[in-house]
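One structure below.
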Amino acid sequence: MKNLILICLAAILITSCNSNLTDPQKIIDKAIAASGGDKYLDARIEFDFRGRHYVSTRKGGLYTYERITKDSANTTHDFLSNDGFKREINGTAVEVVDSMRVKYTSSVNSVIYFALLPYGLNDASVRKKFLGETQLEGKEQYVVEISFGEEGGGEDFEDVFIYWINKKDFVIDYLAYSFDEGKGLEYRFRKAHNLRKVNGITFFDYINYQPTTDTKITGLEDLYKESKLKELSKIELLNIKVK
């Protein structure tokens, strides 16, 4: 009986502590721990996305991201690492002009970034802001804004993200982001689904939405609740392997 009381008190204390979290750093730390934690630091992760094969290899602070694209004639192998970007076609290194190097770097990094969320949200360039709490589809959420410093933030450092993190298990249930590809600010809202763990690391697929009316990134939650977002695409990771 005494043990049961202690267990109940511990559960109440944990719930109380979680419900009172307002420090975005602690929320992100818990989200990363819940989705894999230190397992990200020494892992080789492979998956297929939209007809291309991706590989993320990390060993402490060293990393290499790979993207392999095959067609009937060629195999294009892109590498992004601590040393920068390089490309091989059919096993032979090729020169890439600076403008395309920036584009390819951003493209490879973006796919890996989303695939490995929430890992990466503690990078040195990341700025975190607690926006409060809310409820979405019956689930209590912490709402955290992520922005980036110019130094180390990459080409798209001005992009802003908002994450809805489940108060119960600290997984990311929804996210939104802004971006500008030369046509003015655009916004996306994603709903996570198909959660699965592979060798201790959590992966999601997403339903990707866009607004059909003028809004700001902070208005996407209300538009989603009002069914005023248009489904744009599905983000699906296939053939995931973790070593």
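The values are calculated or read from the model by the stated rules, or taken from the named source; none is laboratory data. Quick caveat: nothing in here was measured; it's all calculated off a predicted structure. Glycine also receives a Cβ, built like all others from the backbone with ideal geometry; neighbour counts cover every protein chain displayed.
Residue by residue through the stretch 192-219, note down the ones that are of a type in the set (A, V, I, L, M) and more than 17 Å from Asp180 (Cα to Cα). Scanning the stretch 192-219 gives Ala192, Leu195, Val198, Ile201, Ile207. Restricting Thr69, Thr92 to those that are surrounded by fewer than 16 Cβ atoms within 10 Å (Cβ to Cβ), closer than 14 Å to Val111 by Cβ and hydroxyl-bearing (Ser, Thr, Tyr) reduces the list to Thr69. Within the stretch 183-194, identify whether any single residue is under 21 Å from Arg52 (Cβ atoms), modelled with pLDDT under 95 and in contact with a strand residue (DSSP E or B) (Cβ under 7 Å, 6 or more places away or on another chain), and answer yes or no. No: zero hits. Here the strands (runs of 3 or more DSSP E) wholly within the stretch 12-125 that include at least 2 residues being of a type outside the set (A, V, I, L, M) and more than 24 Å from Lys243 (Cβ to Cβ) are 84-89. Filtered by the rule that a residue be over 20 Å from Asn199 (Cα atoms) and of a type in the set (Val, Ile, Thr), the stretch 20-35 gives Thr22, Ile27, Ile28. Does the stretch 121-136 include one or more residues that are crowded, with 19+ Cβ neighbours inside 10 Å, within 19 Å of Ile32 (Cβ to Cβ) and in contact (Cβ under 8 Å) with a residue 24 or more places away in the chain? Checked the stretch 121-136: at least one residue is crowded, with 19+ Cβ neighbours inside 10 Å, within 19 Å of Ile32 (Cβ to Cβ) and in contact (Cβ under 8 Å) with a residue 24 or more places away in the chain.
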